[in-house]
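First comes the structure, then the notes that go with it.
The values are calculated or read from the model by the stated rules, or taken from the named source; none is laboratory data. These numbers come from a predicted model, not from an experiment. Neighbour counts run over all protein chains shown; Cβ positions are idealised from the backbone, glycine included. Heads up: the accessible areas ignore ligands, DNA and RNA and are worked out on the full protein's heavy atoms, side chains in. Shrake-Rupley method; radii C 1.70, N 1.55, O 1.52, S 1.80 Å.
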Amino acid sequence: MVQQLEETTTIRRPFKAQPQVKEGPRANRDIRVPRVQLIDDDGTNRGVVSIEEALAAAEDAGLDLVEIAPNSEPPVCKITDLGKMKYQSQKKAAEARKKQKTIEIKEIKMRPNIDTHDYEVKMKAVRRFFEEGDKVKLTLRFRGREMAHMELGMQLLNRVREEVEPIAKVEAEPKLEGRQMMMVLAPRT
């Protein structure tokens with residue numbers, strides 16, 4: 001008896017890199033349309049001209065031809081310094097990032113039988129967090145036999161809620177997870 005051996009071959013395809021995607025607007029020879037609406041370097045509208053004429057005008061001015069409205073018919077192009085334009089847009093983006101405020105969730109931990117002074121110190125911190133625009137997660141930790149007195153924890157969280165009512169709203173109602181009771185408060189805007 002003769003055994004037939006099956007031959008398997010693996011076809012390897014050559015690695016094909018993804019085409020590079022250019023950042024920003026198309027410029028100079030990358031603009032592939034026959035006619036464009038041309039705006040020169042001092043902002044004057046020259047009307048619809050051929051792409052060759054627009055490129056020649058940009059070259060005469062020693063600047064670049066940059067496509068600023070590619071979806072209009074015909075596309076709008078401006079004679080400007082491409083490097084300067086990219087720099088300005090990067091500066092604008094950095095300024096926008098600087099003004100952005102990330103909202104953080106700050107956690108305040110308490111115990112159900114907290115002393116009045118400790119409570120006041122924690123509440124001062126809670127108010128400060130709200131002024132900074134952050135959310136506050138109140139965590140009440142129950143130990144040992146304190147689990148039998150859940151109502152003390154609920155009373156404490158309700159007291160906090162009433163105190164911060166004018167400056168904050170409840171985002172997550174008090175809920176019990178294991179030996180911890182949690183409530184999330186967010187500042188009113």
Considering every residue within segment 103-113, establish whether at least one is under 30 Å from Ala57 (Cα atoms), under 23 Å from the mean Cα position of the chain (by Cα) and open to solvent by less than 70 Å² (accessible area, probe 1.4 Å).
no
Which residue pairs have Cβ atoms under 8 Å apart, sit 6 or more places apart or on different chains, and have a first residue in segment 149-163 that is at negative phi and a second that is loosely packed, with under 13 Cβ neighbours inside 10 Å?
Leu152/Asn113
A careful count of residues in segment 152-174 that are farther than 23 Å from Thr102 by Cβ and either β-branched (Val, Ile, Thr) or open to solvent by less than 40 Å² (accessible area, probe 1.4 Å) (or both) gives 5
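Table: residues versus (1) modelled with pLDDT under 90; (2) aliphatic (A, V, I, L, M); (3) touching a helix residue (DSSP H, G or I) at 6+ places or on another chain (Cβ under 9 Å).
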position	(1), (2), (3)
Lys22	yes, no, yes
Val36	no, yes, yes
Ser50	no, no, no
Ala54	no, yes, no
Ala58	no, yes, yes
Lys86	yes, no, no
Lys101	yes, no, no
Look at Lys86 and say whether it is open to solvent by 50 Å² or more (accessible area, probe 1.4 Å) and within 22 Å of Leu176 (Cα to Cα).
no
Spot the failing condition for Asp118; the list is (1) free of Cβ contacts under 8 Å to residues at least 12 places away in the same chain; (2) loosely packed, with under 10 Cβ neighbours inside 10 Å, and only one is missed.
(2)
Report yes if some residue within segment 132-151 is assigned to a helix (DSSP H, G or I), exposed (fewer than 12 other Cβ atoms within 10 Å of the Cβ) and within 31 Å of the chain's Cα centre (by Cα); otherwise report no.
no
Inspect segment 4-11 for any residue being at pLDDT below 90, closer than 27 Å to Gln90 by Cα and not basic (Lys, Arg) and give the result as yes or no.
no
If only one of Glu67, Glu73, Glu53, Glu95 is open to solvent by less than 40 Å² (accessible area, probe 1.4 Å) and charged (D, E, K, R), which one is it?
Glu67
Please name all residue pairs, on different chains or six or more residues apart, with Cβ atoms under 7 Å, provided the first residue is in segment 167-183 and is over 11 Å from Met150 (Cα atoms) and the second residue is open to solvent by 40 Å² or more (accessible area, probe 1.4 Å) and part of a strand (DSSP E or B).
Glu171/Lys135; Met182/Lys137; Met182/Lys175; Met183/Val170; Met183/Glu173
